[in-house]
Amino acid sequence: MHNEFMMGNQAIAMAAIAAGVNLVSGYPGTPSSEVLETVAKKRLDNCYVEWSVNEKSAMEVAAGAAYTGARTMVTMKQVGLNVASDPLMSLEYIGVKGGMVVLVADDPGPISSQTEQDTRTFAIYSKLPCFDPSSVEEAYQMVIDAFDYSEKYHTPVFLRPTTRVCHAYQSVLIRDEEEYHLNSIEGFVKDSKKWVIFPRLSNINHRLIEERNDELSTVFSSYSANKIINKDSQKLKAIAASGICYSYVLDVLEEIKTEEIAVLKVSTPFPFPYDLTRDFLKNHDEVLCFEELDPVIERALDHQCGIEGISCKVRGKLTKDSIRSGEYSIDLVREKIYNYLGLELKEDKASVNPPELPVRPPVLCAGCPHRASFYAVKQAMKGKKTIYCGDIGCYTLGNAMPLDMVDTCLCMGAGLGIAQGVNHIEPDTVCFAFVGDSTFFASAITGVVNAVYNQADMTLIVLDNSTTAMTGHQPHPGTGRTMMGDIVNKISIEAVLKGIGVEVVKTVDPLDYELAVDTVKEVANLPGVKAIIFKSPCIAIVKPNEPYKVCQGDCINCKRCINEIGCPAIFIDNGKVTIDNSLCTGCGLCSKICPVTAIRKAGEA
Amino acid sequence: MMKNIVLCGIGGQGTVLASKLIASAAMSKNIPVMSAETIGMAQRGGNVFSNLRMGEGVHSPMIAKGQADIILGFEPGETVRMLPFLKADGVVVTNKRAIMPTTATLSGFHYDADEMIDYLKTRVNKLHVIDGDEALKELGSSKVLNIVLLGAALRTKAIELSEEDIICSMEKMLKPEFMELNKKAIYYTK
Ligand code: SF4
Ligand code: SF4
């Protein structure tokens, strides 16, 4: 064993490797992406790793491998689980042979997601056991335990860290290579009564699953990560917590040293460790729960009080003693605990009446080719009745002023369907769907098939920047690189679209401004489904061009460059429009907009 | 002794590397460390922070309001934004140069660095304002603002680490060709 300072997601990856994982598949999504990336970097030769095209594929690949007896892990963020839920719901009825950990990172807040769904609730719904780590260090051990439980009970299990565990850093005691588990793989053994799902099999297995979960509830009651601290506290008030909230509770109690208060920590929200919590409830009058997202622990404790006739008041979200949405901060937990214990919380004095601060929403980077693409469509469609259906990725940021080019955004790939729906009801609206290259492969292809088959009138704009930029530049089927380090044939978006039967497919460099605008004008007017692929690499993966500068002698200070495109490299310095040459990537878009060609390459100025 | 450090700035200013250097230096002195930072969408030009906690008795990586021993601000407005986290007698090291957000440029929102610094002066006794622009010009590189500020922070003694400790971690984490520049940067302020 040795100590290493690492991110939660790295610790999870290193633990999976130490547990002898043979296959890891996943789809990128904040806050989960670093898990698979770390596996790819640190894996041994007996481990295969891939970014799958989407979470459903990833789940199926991991399941197939687990059927052979291999240990597998599949990684995604919480909304990805919705995509993977179809195979997973059935997989629970079939079970696995090798250990299979389903890593789903939840995002309370949400900080970078569409929803605040709770994978613990999904665990209850899908009947999969679930592990919920409260720190980086604990996540490491829990992954190893999760593989063992999964293999022993032949079921996939969830590991559901949240952002503050995934992205926290801590020094962790990790195993050396000699201490890694070596998994021997038996191979797939044919048995259609076991591996082929039929109603009769599901009926039998459902009963077995319920029985197994009863057993796991007992087993988890003595699992070391579920525990009660200050068990012998005579206080009538107690606290229950899970995940990062448990660590916040410990920090607060560290501060209030005088108070010995009992704290229940629940790390397996499902199956719930009722045998552990029974006496805890009996010994206290009141329990205040700290958990983010759904009131999972609170409900279970309340339920136990109800059916076992225990008179303890369980407080939390359901009783409106805590917030029911959003992330819990350490400050919130601190304030609630002080109030609960009747202690006085001293006001901090450092900040009083601060001056108004600028808001800094995320924006498309300086020189981002998406800005040019959006602007070209906007210019081409001036005065027309349009709808711009957006999608999930960096290009969602095209919604910000002054571009204002995202009218809708729902979930991965949805823009295509939304555009079609609007088109069928409002035929006079010019309907656009914008999708990135990674999202195109992940979830837009069926939408295109649907549009072509059902004769929609719409224009698909593929913003192809040759990477998955928002989540940290993962490769995808169009990049020709795999996570195993192989160079493979690139899957051509143009060929896919033509294969589906999209007759007009144009590929244009969006930074070629006039051509981009003309292409949009020409294509958008045609009937049926047509596509424009705006192809230009993400500025983060290529070297910048020579920066541009504003020739102050020529500038008439009309501010068109600022008000039209909102490039963050352009700002006003002492009343003069100026380009920050450390940010400018030389994309040239602003120079096309300036009415007096005052913006020129620094060298030509 | 427990030490809580807040680093804050705008995505891309180098707060993360500064935080990693402190953590690595603490680790090599066997001081337990935890940290957390902004990752994801906010990095695209948004405000970012790192929380760094060193010492025994630390359970979570997040710093509560009024608990930071020092704030290391890469941009004056961001320093003000994080001020509620500072202890009553805490130290602030801040860069002077304001960065205008695109939205402010668009809406004509008035945002003035001097106003931020004046406010900090009224609230913080142990305030150190660093002219980052001047430092970068003299050092001849736009990349070492983080190291200049970190050096200034070390001199306040609010972090129990020395310049040599940080240089040791730089040697582990930076390419050798950048060492000379970064060493100069760390000793830049008095
Ligand atoms: S050329 Fe203009 S639009 Fe492009 S990055 Fe530079 S300042 Fe921004
Ligand atoms: S568009 Fe041209 S003239 Fe107008 S403010 Fe910008 S640089 Fe100056």
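The values are calculated or read from the model by the stated rules, or taken from the named source; none is laboratory data. Nothing here was measured: the structure is a model prediction, and the numbers come from that model. All Cβ positions, even for glycine, are placed from backbone atoms using ideal geometry, and neighbour counts span all protein chains on display. What goes into the accessible areas is simple: the full protein's heavy atoms, side chains included, and nothing from ligands, DNA or RNA. Shrake-Rupley method; radii C 1.70, N 1.55, O 1.52, S 1.80 Å.
Among the residues of the range A:92-117, those that are open to solvent by 10 Å² or more (accessible area, probe 1.4 Å) and either part of a helix (DSSP H, G or I) or within 30 Å of residue A:397 (Cβ to Cβ) (or both) comprise A:93, A:94, A:109, A:110, A:111, A:112, A:113, A:114, A:115, A:116, A:117.
Apart from one condition, residue A:572 fits all of (1) without any contact (Cβ under 8 Å) to a residue 24 or more places away in the chain; (2) on the phi > 0 side of the Ramachandran plot; (3) within 16 Å of ligand 1 (Cβ to nearest atom); the exception is (2).
Answer yes or no: is there a residue in the range A:152-170 that is touching a Gly at 6+ places or on another chain (Cβ under 7 Å) and without any contact (Cβ under 8 Å) to a residue 60 or more places away in the chain. Scanning the range A:152-170 turns up at least one residue that is touching a Gly at 6+ places or on another chain (Cβ under 7 Å) and without any contact (Cβ under 8 Å) to a residue 60 or more places away in the chain.
Residue under question is residue A:375, and the condition is that it be more than 21 Å from the chain's Cα centre (by Cα), more than 9 Å from chain B (Cβ to nearest Cβ), free of Cβ contacts under 8 Å to residues at least 60 places away in the same chain and crowded, with 19+ Cβ neighbours inside 10 Å; does it hold? For residue A:375, the condition - more than 21 Å from the chain's Cα centre (by Cα), more than 9 Å from chain B (Cβ to nearest Cβ), free of Cβ contacts under 8 Å to residues at least 60 places away in the same chain and crowded, with 19+ Cβ neighbours inside 10 Å - is not met. Of all the residues in the range A:1-34, those that are assigned to a helix (DSSP H, G or I), within 13 Å of chain B (Cβ to nearest Cβ) and among the aliphatic types (A, V, I, L, M) number 1.
Given the criterion acidic (Asp, Glu) and within 27 Å of residue A:165 (Cα to Cα), identify the matching residue among A:260, A:286. On inspection, the qualifying residue turns out to be A:260. Where residues in the range A:510-519 are touching a Pro at 6+ places or on another chain (Cβ under 8 Å) and not in a helix (DSSP H, G or I), which of them is most open to solvent (accessible area, probe 1.4 Å)? So, considering only residues that are touching a Pro at 6+ places or on another chain (Cβ under 8 Å) and not in a helix (DSSP H, G or I), the one most open to solvent (accessible area, probe 1.4 Å) is A:511.
Name the residue that is surrounded by the fewest Cβ atoms within 10 Å (Cβ to Cβ), counting only residues in the range A:528-559 that are in a strand (DSSP E or B) and near ligand 2 (Cβ under 10 Å from one of its atoms). Looking at residues that are in a strand (DSSP E or B) and near ligand 2 (Cβ under 10 Å from one of its atoms), I get A:549. The number of residues in the range A:409-429 that are closer than 20 Å to residue A:370 by Cβ and surrounded by 17 or more Cβ atoms within 10 Å (Cβ to Cβ) comes to 8. For the range A:219-243, residues that are touching a strand residue (DSSP E or B) at 6+ places or on another chain (Cβ under 6 Å) and buried (at least 17 other Cβ atoms within 10 Å of the Cβ) total 7.
Of the helices (runs of 4 or more DSSP H) lying entirely inside the range B:1-108, those containing at least 2 residues that are surrounded by fewer than 24 Cβ atoms within 10 Å (Cβ to Cβ) and not aliphatic (A, V, I, L, M) span B:15-28, B:102-107.
Residues are listed down the side, and each one gets a yes or a no for (1) among the hydrophobic types (A, V, I, L, M, F, W, C); (2) touching a Ser or Thr at 6+ places or on another chain (Cβ under 7 Å):
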| position | (1), (2) |
| --- | --- |
| A:338 | no, no |
| A:341 | yes, no |
| A:357 | yes, no |
| A:366 | yes, yes |
| A:377 | yes, no |
| A:386 | no, yes |
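Taken together, the residues in the range A:209-218 that are over 17 Å from residue A:95 (Cβ atoms) and either open to solvent by 40 Å² or more (accessible area, probe 1.4 Å) or hydrophobic (A, V, I, L, M, F, W, C) (or both) amount to 1.
Look at (1) open to solvent by 30 Å² or more (accessible area, probe 1.4 Å); (2) farther than 25 Å from residue A:107 by Cβ and you find that residue A:325 fails only one, number (2).
Say whether the condition of being open to solvent by 30 Å² or more (accessible area, probe 1.4 Å) and hydrophobic (A, V, I, L, M, F, W, C) is met by at least one residue in the range B:140-154. Looking through the range B:140-154, none of the residues is open to solvent by 30 Å² or more (accessible area, probe 1.4 Å) and hydrophobic (A, V, I, L, M, F, W, C). Reported count of residues in the range A:553-569, each being within 9 Å of ligand 1 (Cβ to nearest atom) and away from chain B (no Cβ under 14 Å), is 0. Report yes if some residue within the range B:166-183 is aromatic (Phe, Trp, Tyr), surrounded by fewer than 17 Cβ atoms within 10 Å (Cβ to Cβ) and at pLDDT below 95; otherwise report no. For the range B:166-183, residues aromatic (Phe, Trp, Tyr), surrounded by fewer than 17 Cβ atoms within 10 Å (Cβ to Cβ) and at pLDDT below 95: present. If you scan the range A:327-372, which residues turn out to be touching a helix residue (DSSP H, G or I) at 6+ places or on another chain (Cβ under 8 Å), within 7 Å of chain B (Cβ to nearest Cβ) and in a helix (DSSP H, G or I)? Matches in the range A:327-372: A:330, A:334. Taken over the range A:458-481, the criterion of being free of Cβ contacts under 8 Å to residues at least 12 places away in the same chain and assigned to a strand (DSSP E or B) is satisfied by A:481 alone.
For the range A:575-604, filtering for residues that are more than 8 Å from ligand 1 (Cβ to nearest atom), more than 13 Å from every other protein chain (Cβ to nearest Cβ) and not aliphatic (A, V, I, L, M) leaves 8. Can you name every residue in the range A:296-310 that is farther than 20 Å from residue A:113 by Cβ and touching a residue at least 12 places away in the same chain (Cβ under 8 Å)? Passing the criteria: A:297, A:298, A:299, A:300, A:301, A:302, A:304, A:305, A:308, A:310.
Taking the range A:46-62 as the range and being under 16 Å from residue A:104 (Cβ atoms) and surrounded by 24 or more Cβ atoms within 10 Å (Cβ to Cβ) as the test, the residues that pass are A:52, A:55, A:58, A:59, A:62.
Listed by position, the strands (runs of 3 or more DSSP E) enclosed by the range A:565-605 that each have at least 1 residues that are away from ligand 2 (no atom under 11 Å from the Cβ) and open to solvent by 30 Å² or more (accessible area, probe 1.4 Å) are A:570-573, A:599-601.
Residue A:324 meets the conditions (1) at the interface with another protein chain (Cβ under 9 Å from one of its Cβ atoms); (2) free of Cβ contacts under 8 Å to residues at least 40 places away in the same chain; (3) of a type in the set (Lys, Arg) in every case but one. The failed one is (1).
For the range A:557-604, the set of residues classified as among the charged types (D, E, K, R) and more than 20 Å from residue B:112 (Cβ to Cβ) consists of A:560, A:564, A:592, A:600, A:601, A:604, listed by residue number.
Restricting A:550, A:542 to those that are within 14 Å of chain B (Cβ to nearest Cβ) and within 16 Å of ligand 1 (Cβ to nearest atom) reduces the list to A:550.
For every residue, the table says whether it meets (1) touching a helix residue (DSSP H, G or I) at 6+ places or on another chain (Cβ under 9 Å); (2) within 7 Å of chain A (Cβ to nearest Cβ); (3) among the polar types (S, T, N, Q).
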{"position": "B:33", "(1), (2), (3)": "yes, yes, no"}
{"position": "B:38", "(1), (2), (3)": "yes, no, yes"}
{"position": "B:74", "(1), (2), (3)": "yes, no, no"}
{"position": "B:81", "(1), (2), (3)": "no, yes, no"}
{"position": "B:113", "(1), (2), (3)": "yes, no, no"}
